[in-house]
Amino acid sequence: MTLPVLRSQATPAMYGPLHDFARLHQRMSDLLSTVLDTDPRSATGSAWTPFADVTEADDAYLLEIDLPGVNRKDLHLEVAGDQLRVSGDIVEKEKVGWLRHRTRTVGRFQYQTLLPGGVDVEHVTADLADGLLTVRLPKTEAAKPRRITVNAG
């Protein structure tokens, strides 16, 4: 007879040099963003990755990317080989007065994903509405599921 495994819902406290280093790194990043009055990711010049969902239907794959504040002219999509690349910039609006706190992400972003086999790249469509980029990647006829009839013997 086996006994059930009981696990606590509380996460154990982290101790040690790695935890201390992570706390120090976070404090320095916060300080840097305060001093430079920018997002630390944009201060280093690296692009950030937006949140996205990928779903599959019988006839297509659907990619939805959260891009609040992005302008259509600042958005670039391309299919290169077996990759879909989405990149662009969210331009910060001009502020009046002192910026005391920032949680919005601005600057250069990039999202890329590998495409599954059987995508009809000639008929990919993209729509931007209300801060949501929706990319529809239709499947080729060969990749679509087919119903097979079972005959009685």
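Please treat every number below as a calculation from the coordinates, not as lab data. This one's a predicted model, so the numbers in the text were calculated from it and none came from an experiment. Every residue, glycine as well, gets a Cβ built from its backbone with ideal geometry; the counts of neighbours run over all protein chains shown.
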Legend entry - Rg [Å, one decimal], Dmax [Å, integer] - segment 40-153, C-alpha atoms: 18.9, 81
Legend entry - In segment 63-153, the trypsin sites (Lys or Arg not before Pro) that fall in loop regions by DSSP, at most 11 other Cβ within 10 Å: Lys93, Lys95, Arg100, Arg104, Arg146, Arg147
Inset, instruction - Select from Ala142, Ala152, Leu99 the residue farthest towards the positive end of the dipole of segment 88-153; place +1 on Cβ of Lys and Arg, -1 on Cβ of Asp and Glu, and compute about the Cα centre. - result: Leu99
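How much length is gained on full extension from Gln26 to His101, taking 0.36 nm per residue of separation minus their Cα-Cα distance?
The Gln26-His101 span can extend by a further 25.4 nm.
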Inset, instruction - May I ask you to derive the relative contact order of segment 44-113, considering only C-alpha pairs under 8 Å and at least 6 residues apart, and to give it as an integer percent? - result: 33 percent
Inset, instruction - Quote to one decimal, in nm, the extra length available between Asp59 and His76 on full extension: 0.36 nm per residue of separation minus the C-alpha distance between them. - result: 3.6 nm
Inset, instruction - Just tell me which lysines come within less than 21 Å, Cα to Cα, of Lys93; anything on the same chain fewer than 8 places away is out. - result: Lys73
Inset, instruction - Check each of the chymotrypsin sites (Phe, Trp or Tyr not before Pro) in segment 51-153 and keep only those in coil by DSSP with at most 13 other C-beta atoms within 10 angstrom; list them in order. - result: Phe51, Trp98
Inset, instruction - Grab the Cα-Cα distance for Ala52 and Thr149, subtract it from 0.36 nm times how many residues apart they are, and report the gain in nm with one decimal. - result: 31.2 nm
